[in-house]
Amino acid sequence: MSPRPDLGPKPVLGYTDSRIERAAERRTDETAIKAFAARPDAGAYVIGVEMIVMKAGAPVNEPLFTLQEAHTLGPAVEMVFLGLLDGAPRFGVGLTRDTAEALKARDGFHVNDLRSIAVQGLVAPEHLPPIAEAKAILHWHARHRFCSNCGTATHVVQAGWRRDCPQCNAQHFPRTDPVVIMLAVDGERCLLGRSPRFLPAMWSCLAGFVEPGEAIEDAVRRETLEEAGIACGRVSYFRSQPWPFPMSLMIGCHAEALTSKVVVDRDELEDARWFSKDEASAMLQRHHPDGLTTPPPFAIAHHIIRAWLDGETDLG
Ligand SMILES: [Zn+2]
């Protein structure tokens, strides 16, 4: 066994550790929400579907507008109460894609997608969790305007956290889609795959949606078997990450591989294979001789691989 490499300080996992207090008990209090919106310290993140609107700045842009400023940028499609930051109200304001795109041409604005913002560090890190919160729930509103029970147009209640149907009285709550993302390990090697959608030379953990009626552990085993032909035994939970593309929750796990012959599902993956600790370590640190990499430090896959290299899995 090679000595454990020094991988340096652990990076921050993106979109986590939000400082926003969601203050869910205030959502039903329309008077309080109106009063929050009228306050001069009310701030808003402004989002046009996939695009985040920011005030251009250096070295980072400023994604937080006053709520008053946000309303001057264009007609709001939706507004949700995100919570309180040190007592100051925070909102998410949704614009149409066209309105956000048009702001690109205006001086003083920077409009970009959230992936680019996270990868390139275009805003201060503390803004990523509330932007993720706002983006995910605004996306849910955009795709759930009609009652899934009877087809009638629904209306927003609870400061953006529920939609009610006036026809059949059904209440609709925001959804989060659980996704398992896992590293199957076989002693001193781990299983990584490549999706055709990945950047060239990037390899990552396998991942897939948890299906209805399925436990996390079973989803980990099923996806690993389906995508790479590897059967897994023990599964241990690592940590999770909100993934607002558009509204998932990544559930990070390690899994004990019971078999070793990789059979790649070419409909899902471009390739999958075993990687040694030395190779995975070089990829994580961006000095693999062939230029192979893992996902960037803000992504949970990076942390799942790192925890295994650090000997911090619960698989024993
Ligand atoms: Zn209905």
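Every number in this text was worked out from the coordinates using simple rules, so none of it is lab data. Every value quoted in this text rests on a predicted model; they were computed, and no experiment measured them. Here the Cβ is made from the backbone with ideal geometry for all residues, glycine too, and neighbour counts use every protein chain on show.
Given a cut-off of under 8 Å on Cα pairs at least six residues apart, what relative contact order in percent is computed for the chain?
Details: 639 pairs, mean separation 54.2, N = 316.
Relative contact order for the chain comes out at 17 percent.
With the chain treated as a Gaussian network of Cα nodes joined by springs under 10 Å, which of Ala201, Ala76, Ala299 yields the largest mean-square fluctuation?
Its mean-square fluctuation being the largest, the pick is Ala201.
In terms of the ratio Rg/(2.2 N^0.38 Å) built on C-alpha atoms, what value belongs to region 110-194?
Taking the Cα Rg and dividing by 2.2 N^0.38 Å, one obtains 1.59.
Return the subset of Lys10/Lys261; Lys34/Lys104; Lys55/Lys104; Lys55/Lys135 for which the Cα-Cα distance in this structure is over 22 Å, preserving the input order.
Those over the limit are Lys10/Lys261; Lys34/Lys104.
Cα convex hull of region 53-203: mean projected area in nm², to one decimal? Mind showing how you got there, number by number?
Details: hull surface 54.7 nm².
Here the figure is 13.7 nm², rounded to one decimal.
Dividing the alpha-carbon Rg of the chain by 2.2 N^0.38 Å yields what?
Taking the Cα Rg and dividing by 2.2 N^0.38 Å, one obtains 1.10.
In percent, how large is the relative contact order of region 94-205, given Cα pairs closer than 8 Å and 6 or more residues apart?
11 percent
Give me the angle, in degrees from 0 to 90, between the Cα long axis of helix 300-309 and the longest principal axis of the Cα atoms of the chain, rounded to the nearest 10.
Long axis of 300-309 versus the principal axis of the chain: about 30 degrees.
What is the extension gain from Ser236 to Glu126, computed as 0.36 nm multiplied by their sequence separation minus the C-alpha to C-alpha distance, in nm to one decimal?
Length gained, Ser236 through Glu126: 36.7 nm.
Against the longest principal axis of the chain, how steep is helix 128-143, in degrees 0 to 90 to the nearest 10, with axes from Cα atoms?
Around 70 degrees separate the two axes.
Taking the Cα centroid of region 81-146 and of region 48-66, what is the distance between the two, rounded to the nearest whole Å?
Value for the Cα centre distance between the two parts: 8 Å.
Taking H as built 1.01 Å from N, whose amide H comes closer than 5 Å to the amide H of Leu183, not counting residues under 5 places away?
When sequence neighbours closer than 5 places are left aside, the close amide H contacts are Cys253, His254, Ala255.
Rounded to the nearest Å, what's the spacing between the alpha carbon centres of region 150-191 and region 193-262? Just the number, please.
Each part's Cα centre sits 19 Å from the other's.
If N is the number of residues in region 207-316, what value comes out of its Cα radius of gyration divided by 2.2 N^0.38 Å?
Compared with the compact-globule rule of thumb, region 207-316 sits at 1.08.
Please give the peptides 281-288, 141-148 ranked by average Cβ packing (other Cβ atoms within 10 Å per residue), highest first, as a rough proxy for protection.
Ranking, from highest mean packing down: 281-288, 141-148.
Can you tell which of Phe245, Phe298, Phe198 shows the greatest fluctuation in a Gaussian network model of the chain with Cα springs below 10 Å?
Fluctuation is largest for Phe198.
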